[in-house]
Amino acid sequence: MTSIWWEVRNLYLNAKRVFLLILVAALSGCGKPSSYSSPEIEAASRQLVPQDTDIAAIYSRSCSSCHTVAATGAPLTGDGSAWGPRMGKGMDGMVASVISGFGGMPPFGLCMDCDAQQFEALIQFMATPAEAP
Ligand code: HEC
């Protein structure tokens with residue numbers, strides 16, 4: 001006997017399939033910013049950790065969630081070609097960008113208790129080109 005429950009189950013499975021299709025379409029649709037950086041640069045950015053332990057803690061808590069994910073549109077850690085033109089503003093300009101927020105970056109880069117010196121160290125670290133593997 002094909003019960004009503006069988007029909008319901010099929011409907012449910014179809015709905016799940018449609019949902020997955022939409023998800024895949026949505027994910028590939030927002031791939032635009034990630035075309036700025038290759039998956040290799042993204043993978044490399046995730047290997048980098050600041051030497052100073054305090055700075056490393058702030059980095060992993062506040063900055064790395066965006067600056068190692070190409071889809072956020074953030075310049076990736078160690079990606080010299082992404083940081084080069086930005087650094088043209090000078091360190092003070094860069095720190096000012098973080099404090100006031102910039103484009104997709106929220107004010108203070110989500111580190112509300114960071115001071116300018118810490119931002120400087122974080123920027124210095126992220127903007128330093130990673131050594132070629
Ligand atoms: C929620 C995501 C997010 C977080 C968290 C974040 N950033 Fe960013 N950051 C971005 C994005 C996106 C950009 C590029 C914005 C643009 O160019 O429109 C950016 C750009 C920058 C820039 C370049 C600004 C400029 O003037 O070109 C600096 C410097 C920077 N981030 C530093 C930091 C630091 C330091 C932290 C941690 C304290 C941090 N960010 C945390 C998303 C983030």
Item to check | Condition check for THR128: more than 7 Å from the ligand (Cβ to nearest atom) and of a type in the set (Ser, Thr, Tyr) | outcome: yes
Next on the checklist: So, in the range 82-120, how many residues would count as being more than 6 Å from the ligand (Cβ to nearest atom) and under 17 Å from the mean Cα position of the chain (by Cα)?
Outcome noted: 5
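For the range 52-70, give me each residue that is farther than 19 Å from VAL98 by Cα and in contact (Cβ under 8 Å) with a residue 40 or more places away in the chain.
First, the residues of the range 52-70 that are farther than 19 Å from VAL98 by Cα: 52-53.
Within the range 52-70, just ASP52 meets the criteria.
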Checklist entry - For GLY78, are the conditions met, namely being more than 10 Å from the ligand (Cβ to nearest atom) and in contact with an Asp or Glu (Cβ under 9 Å, 6 or more places away or on another chain)? => result yes
Item to check | Scan of the range 88-133 for residues that are surrounded by fewer than 10 Cβ atoms within 10 Å (Cβ to Cβ) and either under 16 Å from GLY73 (Cα atoms) or touching a residue at least 60 places away in the same chain (Cβ under 8 Å) (or both), ordered by number | outcome: GLY103, PRO133
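For (1) on the phi < 0 side of the Ramachandran plot; (2) among the small types (Gly, Ala, Ser); (3) modelled with pLDDT under 95, each residue gets a yes or a no:
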{"position": "LYS16", "(1), (2), (3)": "yes, no, yes"}
{"position": "SER35", "(1), (2), (3)": "yes, yes, yes"}
{"position": "PRO39", "(1), (2), (3)": "yes, no, yes"}
{"position": "PHE125", "(1), (2), (3)": "yes, no, no"}
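The values are calculated or read from the model by the stated rules, or taken from the named source; none is laboratory data. The structure displayed is predicted, hence computed values, not measured ones. Counting neighbours? That spans all protein chains shown, and the Cβs are built from the backbone with ideal geometry, glycine included.
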